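The values are calculated or read from the model by the stated rules, or taken from the named source; none is laboratory data. What you see is a predicted model; the values in this text were computed from it and never measured. Note that each Cβ is placed from the backbone with ideal geometry, even for glycine, and that neighbours are counted across all protein chains shown.
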Amino acid sequence: MTGVLADGPLAGTWVAEALVAGVIALPFATAAVLAVVGSWRAGVWIIAGSAGLQFVAACALPWAVPPAEAHLALLTSLVVMTTSWFGPRDIAAALEGGVLNRWRVRRYHVGCQALVGGAQLAVLGGDPFVAWIGLVVVVAAAAAMTGAVLTPAAAAAASRLVRLCGAGLVLALLGTLLLDRAPFLAGLLLLVGYGAIAGLLPLHAWLADAAAEGVAPGAILVTVVQANVPLLLFLRSDIAPGLQIGFGLAALLAGAVALVVRSDRRRMVAMGGLAQLGLVVFALGTGATAAAWLLLTLLSLLRAAVLQSDGDDLAAWLAFALVPLYALYLLAGPTVAVSAWLLLPLAGGAAAAACGLLAMRPAGIAVGWAAAPAWLEVALAAALALAMPDTVLAWFRAAVEG
Amino acid sequence: MIAVAAAGALLLSVGLLCVRRLDVALPLLALQSACAAATLGHVAAIPAFALGGVVLPLAMAWMRPATALAARGGAVSLWLSPLWASPLWASPLRASLPWAGAVALPLAAIALFARSGSGEAVAAGVSVVALGLWLVAMRRHALATVLGLLAAQNGLVLVAGAYPDLPPTAAFAVAVPLLPALALADAWLHR
């Protein structure tokens, strides 16, 4: 992985460095402020203000850092900003339902901001070891957020997250150290290790519980923001394509089976994400990196939209359910170029995942101002998937080739 | 000297898999941390030993001085919980699983790295990491997770010792036991 300040018109200038430092430091500074703010209402507005500011700063990143890093940082800040708009509603509901108390809300808020800061550090740090340290912060923050909920199931989910993601991060650090001595083994360790952070097989067992037991905005950050960063590391690391294809297919098929078995909506979103992230890893293995990047973007936007609408919006759910079929359309050509036989499990897994999600679709369509962020994300995803303009296509190509 | 320290760390990893009590495991862990730090040849050896061999073991001893670390599937049972509870896994098969891992994992690592010519310290380090994670997988107790992650961190220190020009960020990641500290904080919060 090369330094992220090596590209872009502002590259190497103090403006670029200040921009990157600002996007990374702002969430940590907000976390420090939130640690001493007693009022939860003040806390949610501070978070919303900080997230808005971070999004504005991230919009300037394409001029300062390579497109892949800028893209992921911008996507992260967009999801964080739209999620922060639901803070007053969701925290009030959690307090009323006895899921959180005032002290736990403070811990939860600090965890939210630390998770975002850690993710931005991992993306923009420009060094594989800094990325690893950023992901340690992400895992610690995700455990604090999940464990803030006052139920034994949430405490168990947080412990499981620490255990499995901790084991994954040990393997990932070992893989990073061994990259030049044993490249194949290192690639395997990176896939298993960082795959745990993304919720991919085989260390994925924490994902569904963390998504189901946490407070709604926290579940969005854990399942969307935390899951995206390892994909950038897969893109930047030299991992054998065969390994990526195998891991991607395994995640797709396991997610599809879990979706067919079915449980509650939040767990289904987590398992749908497992299947679809499997498709992204598969796409990276086949060399269709622009398609992988597009799928990752669609998946992030639509997972956030589904969770923000609490799984009750038919439009967001349908769009989320159709992503595997869209992925099949995108990946059929590159898959046949590798091996036509691979099309069989790919098509089977994608169809099963889509059918599993469609079978659980909600009845109604969310309306009103509260549904606006989810609609914005669905509209953005639809524009990217169906009417992608040339400039956006060029951006995606540059993102993966940069 | 490095080969002896690496072999010592590997033997202590096997010892950690055998012990059933925390007060017995902690001195072994401190000794393993000293062996691993001795191979590092970098200023990062000091925080690696101070944090991984002294501070965190003392914190664990303060939390639960004489805890029994009963062997019942940890992460393995999280993945395969229905299968794990079935008669198929009943003793003696389940009882022999930790031993099978203790033999197979170092042998596999040594065979792999001896062939690639990466040196004994790297092979021993990879074995220690694998055995540390095996400890996490085999025992459900929260402090066993901390023990296993600390042992794995010592393995990472051994592997890092094979790199003469370690970048500062890598030295920090290897020397500061962030993940064991996180697991300890989790165990303390949910005790």
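Can you confirm whether A:Leu169 is touching a Cys at 6+ places or on another chain (Cβ under 9 Å), within 11 Å of chain B (Cβ to nearest Cβ) and modelled with pLDDT of 85 or more? First the steps, then the outcome.
Values: touching a Cys at 6+ places or on another chain (Cβ under 9 Å): no; within 11 Å of chain B (Cβ to nearest Cβ): yes; modelled with pLDDT of 85 or more: yes.
Considered against the rule, which asks whether it is touching a Cys at 6+ places or on another chain (Cβ under 9 Å), within 11 Å of chain B (Cβ to nearest Cβ) and modelled with pLDDT of 85 or more, A:Leu169 comes out as no.
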So, in region A:185-196, exactly how many residues are more than 12 Å from chain B (Cβ to nearest Cβ) and of a type in the set (A, V, I, L, M)?
2
Per the filter on region B:163-179, residues within 8 Å of chain A (Cβ to nearest Cβ) and buried (at least 24 other Cβ atoms within 10 Å of the Cβ) are B:Ala173, B:Val174, B:Leu179
Pick from A:Arg181, A:Arg236: which is charged (D, E, K, R) and within 11 Å of chain B (Cβ to nearest Cβ)?
A:Arg181
Could you list, in sequence order, the residues of region A:264-323 that are more than 15 Å from the chain's Cα centre (by Cα) and without any contact (Cβ under 8 Å) to a residue 40 or more places away in the chain?
A:Leu322
Restricting attention to region A:123-175, report how many residues are of a type in the set (S, T, N, Q) and surrounded by 24 or more Cβ atoms within 10 Å (Cβ to Cβ).
1
Would you confirm, using the coordinates I've provided, whether A:Ala142 is touching a helix residue (DSSP H, G or I) at 6+ places or on another chain (Cβ under 9 Å), under 15 Å from A:Ala31 (Cβ atoms) and either of a type outside the set (D, E, K, R) or not in a helix (DSSP H, G or I) (or both)?
yes
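Would you check which residues across region A:289-304 are touching a Gly at 6+ places or on another chain (Cβ under 8 Å) and aliphatic (A, V, I, L, M) and list them?
If we filter region A:289-304 for residues that are touching a Gly at 6+ places or on another chain (Cβ under 8 Å), which is where we start, we get A:299, A:303.
A:Leu299 - this is the single residue of region A:289-304 that is touching a Gly at 6+ places or on another chain (Cβ under 8 Å) and aliphatic (A, V, I, L, M).
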Is it the case that A:Leu200 is touching a Phe, Trp or Tyr at 6+ places or on another chain (Cβ under 8 Å), farther than 21 Å from B:Val128 by Cβ, away from chain B (no Cβ under 11 Å) and of a type outside the set (Lys, Arg)?
yes
Going through region A:172-185 one residue at a time, which ones are within 15 Å of B:Ala160 (Cβ to Cβ) and assigned to a helix (DSSP H, G or I)?
A:Ala172, A:Leu173, A:Leu174, A:Gly175, A:Thr176, A:Leu177, A:Leu178
Give the residue, chosen from A:Ala32, A:Ala68, that is assigned to a helix (DSSP H, G or I), more than 20 Å from the chain's Cα centre (by Cα) and within 20 Å of A:Val138 (Cβ to Cβ).
A:Ala32
For region B:149-161, which positions are more than 8 Å from chain A (Cβ to nearest Cβ) and either within 30 Å of B:Arg20 (Cβ to Cβ) or of a type in the set (A, V, I, L, M, F, W, C) (or both)?
B:Leu150, B:Ala151, B:Asn154, B:Val157, B:Leu158
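Residue-by-condition table, conditions (1) in contact with a Gly (Cβ under 9 Å, 6 or more places away or on another chain); (2) without any contact (Cβ under 8 Å) to a residue 60 or more places away in the chain:
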site	(1), (2)
A:Ala25	yes, no
A:Ala32	no, yes
A:Phe55	no, yes
A:Pro67	yes, no
A:Leu75	no, no
A:Leu100	no, no
